[in-house]
Amino acid sequence: MSVSAKAWEGELVRKWLECRIEAARLDQTAADMRGYEGQDDYDKAAAEEWVCRTLMAAARQGDQAAFAARLKELLGQDEHRATGIYDDRRCERYVRANLRKLTKMTRTNVGFENTLRYQ
């Protein structure tokens, strides 16, 4: 992991994760209301919520190295169990995509200040 010029802000990361959990819940509700055509969006939002919830404990430590280690550990797992999804393979793909995105954000320490619902 490379060291960025910006100092790691554990509180900002926790706030970002909380905002993403809330946005994922709203996205799941909206996708669920659309029925069959919204299943892909539902799985995408469920995967994001699962990733953010799983990382909350590591974010509470306030240490960039611990957070990065947890991300690496999750990426190394063969499967990630999320409940209430429509397609296991699709959700697994979205979980891995979210983990890679967060790994990049953690390495560069950029993007955690963006707490908007749509990113």
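The values are calculated or read from the model by the stated rules, or taken from the named source; none is laboratory data. Everything numeric here is computed off the predicted structure, so don't read it as measured data. Side chains are part of the model used for accessible areas, which takes the heavy atoms of the whole protein and leaves out ligands, DNA and RNA. Shrake-Rupley method; radii C 1.70, N 1.55, O 1.52, S 1.80 Å.
Couple of notes before you dig in:
- Using a probe radius of 1.4 angstrom, the carbon and sulfur fraction of the accessible surface of region 21-119 is 49%.
- Spatially close Lys pairs in the chain, defined by Cα atoms under 16 Å apart and a spacing of eight or more places or different chains, total 4.
- Shape annotation for the chain: C-alpha extents along the principal axes are 45, 31, 19 Å, from largest to smallest.
- In this structure the chain gives 59 Å² per residue of accessible area when probed at 1.4 Å with all protein chains present.
- Sequence-ordered 3J(HN,Hα) estimates for region 43-52 from the Karplus curve with 6.51, -1.76 and 1.60 and θ = phi - 60° stand at 4, 4, 5, 5, 5, 5, 5, 4, 4, 5 Hz, glycine and proline given as x.
- J(HN,Hα) series, region 90-101, from Karplus relation 6.51 cos²θ - 1.76 cosθ + 1.60, nearest Hz, glycine and proline x: 5, 5, 4, 4, 5, 4, 4, 5, 5, 5, 5, 4
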